[in-house]
């Protein structure tokens with residue numbers, strides 16, 4: 001059992017190092033990603049000058065628009081990592097021609113797809129840290145963060161958004177192209193999850209749609225943690241994300257395994 | 001003794017077209033082409049087993065079925081006592097397909113980093129992985145090139161790196177798909193020697209290989225399965241693979257001299273398919289290929305020995321691999 005876990009850990013680490021090295025071999029694109037963060041924080045700070053502070057931004061506390069939006073924009077990076085990393089990884093493997101070679105190794109299909117997120121989430125966390133560091137230079141107050149709540153919501157944010165990415169990767173294996181649902185999901189989230197404005201501004205029926213999105217609850221919880229809220233105070237979002245994880249994560253892995261099995265039956269595993 | 005690999009009645013068909021449009025156009029029917037049709041064979045532990053066949057005969061499909069990358073439609077496959085079709089992870093621990101396709105590596109990483117990644121997926125780590133990489137790189141003569149980026153490798157080096165990767169996990173069964181394609185003659189000889197002497201001879205591995213190089217199959221394999229149209233047309237040790245019953249016969253005839261008149265008479269013999277002349281008087285060699293017809297050899301010898309030419313020997317020759325192969329994959333031959 002311990003040996004199996006250690007071997008799985010080595011495989012995840014190897015995938016992490018592979019993805020990190022491949023990404024850093026494209027140096028310009030890698031550097032531009034960091035510049036985009038600086039530009040985004042600066043832009044939000046200027047926009048916030050136009051919007052007065054309000055309790056609508058602070059879950060009961062008066063907060064600035066900058067505080068509201070910069071936390072959301074920073075942490076929605078985690079969802080982007082989930083939506084893109086698995087899909088991109090499998091797509092790249094198809095195009096490089098390495099997918100068959102990887103699937104011919106004694107590694108479970110589930111571990112292969114999940115480990116594809118290791119570097120992407122690590123990078124996303126580093127980017128979130130840079131967002132927050134930059135934002136603190138512009139006056140973001142980090143003094144009241146409830147670290148326990150933040151840690152739990154970070155974990156649940158990942159576990160609840162990973163299934164959407166894994167299902168996207170399954171679509172790549174099965175149909176050899178990205179499913180439009182991924183793009184729709186990503187764009188809908190940016191409007192409906194309250195990233196740039198509170199969802200209370202949406203019509204009531206759209207608020208219902210918003211409530212269905214994992215990222216809405218993730219951002220609620222994370223913003224709450226930044227205002228010092230305990231896990232007890234954030235229990236509705238906590239339960240929602242936990243249930244989504246329990247239901248969706250095994251389902252998404254089942255879908256991915258089924259897609260691989262179908263590709264093996266059709267003999268299309270190596271095609272793209 | 002039971003075979004280590006037991007394939008029984010494996011069948012595989014592939015859809016001829018994918019997507020919703022052909023499906024609708026054919027009213028829900030999907031046309032399929034047959035890649036394997038009732039293929040059965042057994043491979044002993046430590047045997048070097050080859051697959052030959054024309055393009056599209058099913059060689060790559062059978063190798064991919066054996067390595068778990070393609071699921072057959074029917075039949076059974078047991079390797080080392082496990083059901084390979086229902087235990088894919090156990091299969092992949094035991095079997096490794098040597099993908100020598102150069103598109104199966106990460107171009108922007110060095111050879112060493114590629115091997116480190118695939119070695120980790122094979123379950124290796126730390127010092128064990130480093131030592132194993134050094135060992136397999138030495139085996140394929142790439143020790144000094146491990147820190148080059150993969151895209152700087154020549155085709156032959158990429159091919160050899162594919163072999164090194166297959167050896168990393170030390171699997172019981174190694175499957176090679178055209179192991180010496182694009183490899184220079186010097187390295188071809190060393191790769192063949194490595195497969196035959198080191199992998200099979202010293203380490204006792206079971207090796208299956210598909211090749212289009214007939215001499216390679218004849219030189220390396222203990223037994224060869226010749227595939228035609230997704231079925232096994234023949235399965236035997238290379239020396240026992242028989243050509244079709246009406247296959248032409250080859251003779252080597254030694255005469256004391258040769259001139260245009262002799263060659264003219266010889267070429268006029270009905271049933272002569274090929275004539276090659278080598279050597280010089282007093283020992284000229286005539287390499288002839290004759291149709292299997294009554295009296296063809298008698299007629300030929302009569303033509304050769306006219307005008308006082310002395311025939312000192314007539315030696316029947318073993319059919320060449322190419323002749324046997326052509327006979328086995330010919331459309332006229334029944335398959336089993």
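Read-outs throughout are calculated quantities, based only on the coordinates presented, and are distinct from any laboratory measurement. Computed from a predicted model, the values in this text were never measured in an experiment. Positions of Cβ are generated from backbone atoms using ideal geometry, with glycine treated the same way; all protein chains shown enter the neighbour counts.
Miscellaneous remarks
- To the nearest ten degrees, helix A:235-266 and the longest principal axis of the Cα atoms of chain A are 20 degrees apart.
- Each residue in A:75, B:194, A:251 was given a count of other beta-carbon atoms within 10 angstrom of its own, and listing them fewest first yields A:251, B:194, A:75.
- C-alpha long axis of helix B:155-168 to longest principal axis of chain B, angle in °: 60
- Placing a label point 7 Å from the Cα of residue A:29 along the Cα-to-Cβ direction, the residues of the stretch A:92-112 whose backbone N falls under 19 Å of that point are A:92-99.
- Angle in degrees between helix A:27-48 and the longest Cα principal axis of chain A, rounded to the nearest 10: 20
- Placing R0 at 41 angstrom, the Cβ-Cβ distance between residue B:270 and residue B:236 gives a FRET efficiency of 0.80 after rounding to 0.05.
- Extension reserve of the residue B:330-residue B:261 stretch, reckoned as 0.36 nm per residue once the Cα distance is removed: 21.2 nm
- Distance between the modelled labels on residue B:190 and residue B:278, one decimal in nanometres: 2.9 nm (7 Å Cα→Cβ projection).
- A Förster radius of 30 Å, combined with the Cβ-Cβ distance separating residue A:266 from residue A:8, puts the computed FRET efficiency at roughly 0.55.
- Largest GNM mean-square fluctuation across B:202, B:29, B:108, computed for chain B with C-alpha springs under 10 Å, falls on B:29.
- Contact order, relative form, for chain A: 25 percent (alpha carbon pairs under 8 Å, 6 or more residues apart, mean separation divided by residue count).
- Label point distance in nm, residue A:176-residue A:95, each placed 7 Å from Cα along Cα→Cβ: 1.5
- Looking at the protein assembly as shown alone, DSSP beta bridges between its own residues are antiparallel in about 70 percent of cases.
- Part-to-part distance (alpha-carbon centres) for the stretch A:2-68 and the stretch B:187-215, which is given in Å: 51
- Fluctuation leader among B:266, B:11, B:34 - chain B, Gaussian network, Cα springs under 10 angstrom: B:266
- A Förster radius of 41 Å combined with the Cβ-Cβ distance from residue B:318 to residue B:2 puts the calculated FRET efficiency at roughly 0.80.
- Using a simple spin-label model with pseudo-atoms 7 Å out from Cα toward Cβ, residue B:31 and residue A:39 lie 5.1 nm apart.
- Of all DSSP beta bridges in the stretch B:5-240, antiparallel share, percent nearest 5: 55
- Three-way shape call for the stretch A:1-83 based on the alpha-carbon gyration tensor, with the a/c threshold at 1.5: oblate
- Mean separation of Cα pairs under 8 Å and 6 or more residues apart, divided by the residue count, gives chain B a relative contact order of 18 percent.
- Residue exposure sequence - A:4, B:101, A:33 - by fewest surrounding Cβ within 10 Å: A:4, A:33, B:101
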